Amino acid sequence: MASKKLISILVLVVTLLLQGDNNYVVEAQLTTNFYSTSCPNLLSTVQTAVKSAVNSEARMGASILRLFFHDCFVNGCDGSILLDDTSSFTGEQNAAPNRNSARGFNVIDNIKSAVEKACPGVVSCADILAIAARDSVVALGGPNWNVKVGRRDARTASQAAANSNIPAPTSSLSQLISSFSAVGLSTRDMVALSGAHTIGQSRCTNFRARIYNETNINAAFATTRQRTCPRASGSGDGNLAPLDVTTAASFDNNYFKNLMTQRGLLHSDQVLFNGGSTDSIVRGYSNNPSSFNSDFTAAMIKMGDISPLTGSSGEIRKVCGRTN
């Protein structure tokens, strides 16, 4: 008798949770098939647009991937980096880590327009960015994975959080470990995700101090970089150099091989292989590309789970650059 009563109470509690305001109980989990019925052509629409953008400019793949990183590290993967400044908040686009360097907003806007035509008011900008990041990696020869979706878009952004939460190119190993740990990512996740620097380019202002002042750098590599990055601050700040000197437009494990020969472009790159706790991980990825690919995809999925807005939180923006 007592057991039947207990079962009845449990059934009642579960029913109330499912029917009440606590929708997060059933909706908080992101899934890979969230839009399978509501927007069945979503994945092909995003993939086509990303392929076109990357074919036009290979660097765009790295730029979109970077947008996703910088979005997730600031109050979760909520599309906040896509918001333009308004009278009520100062957005993230002009924060120090993004100013004059974050790009690809037009590509995401174009994808959003195409998706809105196919299924209006259904898919969030945050999810479009997550899918586009995956498709960018694949377009440049990298691994594929199933992107979890169901995020909603933030109604605000935080320049202050962007300035404090996104790891700087001058970060030490302990600072990197701490920054990633703060959002639930392990040291191994951090090294794997740093491998995204196998594609893309960086501005002279981000690596000037390394190529002129640091000693744990290949001399010929430093000399080459110095040719297009003058010593004087303010001179050539925006001049670009590939983060992976070997294959800048291919997603592979050469980034880690470069670190082992002291050819990491950024200070925050080379600290991963500099006699510290992550040397063995770098060595492993350098020798085993499949291990890197596997850990990278797992870390990307894990990063995509950082504090998503779900259920009735946030909104589905009509235009990614502004709230509804």
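The values are calculated or read from the model by the stated rules, or taken from the named source; none is laboratory data. All of these numbers come straight from a predicted model, not from anything done at the bench. When we count neighbours, we look across all protein chains shown, and the Cβ atoms used for this are built from the backbone with ideal geometry, even at glycine. Surface accessibility is based on the protein's heavy atoms, side chains included, excluding ligands, DNA and RNA. Shrake-Rupley method; radii C 1.70, N 1.55, O 1.52, S 1.80 Å.
Sorting the Cα pairs of segment 138-178 by distance into bins of 5 Å, from 0 upward, gives 5, 14, 13, 11, 15, 27, 15, 0 percent per bin. Per residue, the solvent-accessible area of segment 112-196 (1.4 Å probe, heavy atoms of protein chains only, all protein chains present) comes to 35 Å².
For residue 70, the solvent-accessible surface with a 1.4 Å probe is about 20 Å², rounded to the nearest 10.
Just check segment 33-122 against the gyration tensor rule for me: Cα atoms, a ≥ b ≥ c as the square roots of the eigenvalues, rounded for a/c under 1.5, and otherwise prolate or oblate depending on whether a/b exceeds b/c. Oblate.
Among 269, 189, 85, the largest mean-square fluctuation in a Gaussian network model of the chain (Cα springs under 10 Å) belongs to 85. Three semi-axes describe the equivalent ellipsoid of segment 177-324; taken as square roots of 5 times the Cα gyration tensor eigenvalues and ordered largest first, they are 30, 22, 14 Å.
R0 = 35 Å: FRET efficiency of residue 290 with residue 38, Cβ-based, nearest 0.05? Once the sixth-power term is evaluated, E becomes 0.50. Per-residue 3J(HN,Hα) values for segment 146-153, derived from phi via the Karplus relation 6.51 cos²θ - 1.76 cosθ + 1.60 with θ = phi - 60°, read 7, 7, 7, 10, x, 6, 10, 8 Hz in sequence order (x marks Gly and Pro). Cα-based radius of gyration for the chain, normalised by 2.2 N^0.38 Å, reads 1.08. For segment 248-324, the share of accessible area belonging to carbon and sulfur comes to 48 percent (1.4 Å probe, ligands and nucleic acids excluded).
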